[in-house]
Amino acid sequence: MAADTQHTPKPGSKAARREKAKQQREAEQQRDQRNRRLRRTALVTAVVVAVTGGLYLVFDQSEQAAQNVSYDVGKPGIGKTAPDFTLASSTGGQEKLSSHRGETVLLYFHEGGGCQPCWDQIVDLDKAWKKVEGLGVDTMLSITTDPADLTKRKVGDEGIKSPVLSDPGLKVSKEYTTNEYGMMGGSTNGHSFILVGPDGKIQWRADYGGAPDYTMYVKVDKLLADLKAGRQA
């Protein structure tokens, strides 16, 4: 059986010219496709670089803000007796401030709810607890205006070890005026830390939240430096 052969147009013929033109068109199409791929790759790369740079700038600014944040000192202030309270605790039952007489207690009033940086603050303080203890703090009690069931669920989700107390009626928050530093018109807390000494008197207070910046997170080292400096003042 004879083998199949491919017909080759005669050089200079119309068929040869058509074949050459076809090859040129195909070559041009391949170049166009290659150029389009290169342009797309360059565009995607530029977008990625821009987005990455933007995210880095936002993160860097956030880091700087968390490191350089200042604070107010609300009322009751240093030297005043800390108002006693009894609130439902995430650990079960209730927590009474006066039951900690003889201890140094760090109170942390925060917005809670959807304020993830507020919960991150507790997690980071739990992780750095040896440093906190090194400043003479025996216990930390965090206080949010969320209902007790939601607070307990969030504490479990975040793996928080220290007690988080629920003050949904803002009774305690208003006694400490910590809700005056929140973003929600006084209906939630801001970001306040109050150190209560063994005698029940306030040794240090820092209200980091509040207009116009409404800080919701303070780097642990910055917070502890402020606490140490404030107690010595």
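What follows draws every value from the coordinates through simple rules; no lab data is involved. Here the structure is a predicted model, which is why all the values come from computation and not from measurement. Cβ coordinates were reconstructed from backbone atoms using ideal geometry, including for glycine residues, and neighbour counts include every protein chain displayed.
Brief remarks follow.
- Subtracting the Cα-Cα distance of Asp120 and Asn35 from 0.36 nm times their residue separation leaves 25.8 nm of extension gain.
- Take every DSSP beta bridge whose two residues both sit in segment 86-232; close to 65 percent of them are antiparallel.
- Shape call, segment 63-165: gyration tensor on alpha carbons, a/c limit 1.5: rounded
- Here the gap between Leu150 and Tyr214, fully extended at 0.36 nm per residue and compared with their Cα-Cα distance, gives a gain of 20.7 nm.
- Full-stretch length increase - Asp199, Ala225 - with 0.36 nm per residue and alpha-carbon distance subtracted: 7.1 nm
- Taking other Cβ atoms within 10 Å as a rough exposure proxy, Tyr181, Tyr71 sort from fewest to most as Tyr71, Tyr181.
- Cβ crowding within 10 Å averaged over residues, with 17-25, 85-93, 106-114, 153-161 ranked highest first: 106-114, 85-93, 153-161, 17-25
- Listed residue pairs exceeding 28 Å between alpha carbons, taken from Lys131/Lys152; Lys127/Lys171; Lys174/Lys222: Lys127/Lys171
- Segment 75-233 shape via C-alpha gyration tensor axes, a/c threshold 1.5: rounded
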